[in-house]
Amino acid sequence: AFASRAMLRLADSQPEAAWADIIACHRLGHLVAEGPTLIETLVGHAIAGIAAEATLVYIDHVKPNARQSALLAQQLDQLPTFKNIVEKIDLFERFVYLDIIQRVAGADKPNMKLLIRMTGLDNSNDSSIKKVMSQYTLKLTDWNMVLKSGNDTYDRLVKTMRIENLAAQKSALEEFEDNLQSRSEKLKSPLRIIGEIAASENGPQGLGKVVDD
């Protein structure tokens, strides 16, 4: 809305009012990105991107002189720096995961159906997966194992995202993603789920491994 009104004001020969809207759009993007969640950060970056495009249009339309350009640059330089997105994953997104696990674990009734729905397996055409998974009660699950393993996974992701070399980081993230995909693939096979539980030292640990994946 800010960017649209700025374009309208440019067309009406109101460059100062247009710039006020554009810089407000920049500030809004940075403000939204201050939120603790990953999605707020992404939306904040998107809003700032809209403001950046409007800035380029403004410069092309107004063609500010050197003094005016210096004033515009000064305002842009005063915008806060975006925080590294890994900090949001390390704290808030990790705690979302831990909170969900505790909510499922603390339910008064078996919550395997809830877990299946949350992971998207309820959309699977293979009804045998849901049948196999629903036979087990989550009350038997080793929840400490699930929490610790989940924390370990977030630790690996955060460590990977903090690699400074971009090429090395990209390669490490692809490896991380491949690992998640292979764990996810196991959940598509009822026999592999049963085998995972049977191969563990005891039922709670086996269920913990399946729930963790």
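The values are calculated or read from the model by the stated rules, or taken from the named source; none is laboratory data. Owing to the predicted nature of the structure, the values given are computational and were not obtained by experimental measurement. Neighbour counts are summed over all protein chains in view; Cβ atoms, including those assigned to glycine, are modelled from backbone coordinates with ideal geometry. Side chains are part of the model used for accessible areas, which takes the heavy atoms of the whole protein and leaves out ligands, DNA and RNA. Shrake-Rupley method; radii C 1.70, N 1.55, O 1.52, S 1.80 Å.
Label-to-label distance, ASN144 versus ALA199, with points set 7 angstrom from Cα along the beta-carbon direction: 2.4 nm.
Other residues whose C-beta falls under 14 angstrom from the C-beta of ALA6 contribute a net charge of -2, scoring Lys and Arg +1 and Asp and Glu -1.
Of LYS83/LYS170; LYS83/LYS186; LYS148/LYS186; LYS63/LYS88; LYS88/LYS186, which pairs sit farther than 27 Å apart, going by alpha carbon to alpha carbon? Don't skip to the end; give the middle numbers.
Numbers: LYS83/LYS170 20 Å; LYS83/LYS186 36 Å; LYS148/LYS186 20 Å; LYS63/LYS88 39 Å; LYS88/LYS186 29 Å.
Pairs exceeding 27 Å: LYS83/LYS186; LYS63/LYS88; LYS88/LYS186.
Rolling a 1.4 Å probe over the protein heavy atoms of the range 1-118, with every protein chain left in place, gives an accessible area that is 61 percent carbon and sulfur.
Under a Cβ-Cβ cut-off of 11 Å, what is the net charge of the residues other than GLU201 that fall near it, where Lys and Arg count +1 and Asp and Glu count -1? Could you put the intermediate results ahead of the total?
Working: positive: LYS209; negative: ASP142.
Result for the neighbourhood of GLU201: 0.
As a test of the definition: which semi-axes, in Å, follow for the range 1-110 when you take the square root of five times each eigenvalue of its alpha carbon gyration tensor? Largest first, please. Before the final figure, lay out the partial values.
Details: eigenvalues 332, 42, 13 Å².
Equivalent-ellipsoid dimensions as semi-axes: 41, 15, 8 Å.
Average accessible surface for the range 174-213: 57 Å² per residue, computed with a 1.4 Å probe over protein heavy atoms with every protein chain in place. Distance between the modelled labels on ALA73 and VAL86, one decimal in nanometres: 3.1 nm (7 Å Cα→Cβ projection).
Volume per residue of the convex hull around the Cα atoms, evaluated for the range 138-185, comes out as 59 Å³. For the range 1-63, the convex hull drawn through the C-alpha positions has a volume of 55 cubic angstrom per residue.
Compare the peptides 20-32, 92-104 by average per-residue count of other Cβ atoms within 10 angstrom and give them in order, highest first.
20-32, 92-104
Solvent-accessible area per residue in the range 1-46 equals 53 Å², computed with a 1.4 angstrom probe and all protein chains kept. Ordered from highest to lowest accessible area with the whole protein assembly present and a 1.4 Å probe, LYS209, LYS88 read as LYS209, LYS88. The range 62-83 and the range 149-213 have Cα centres separated by 46 Å.
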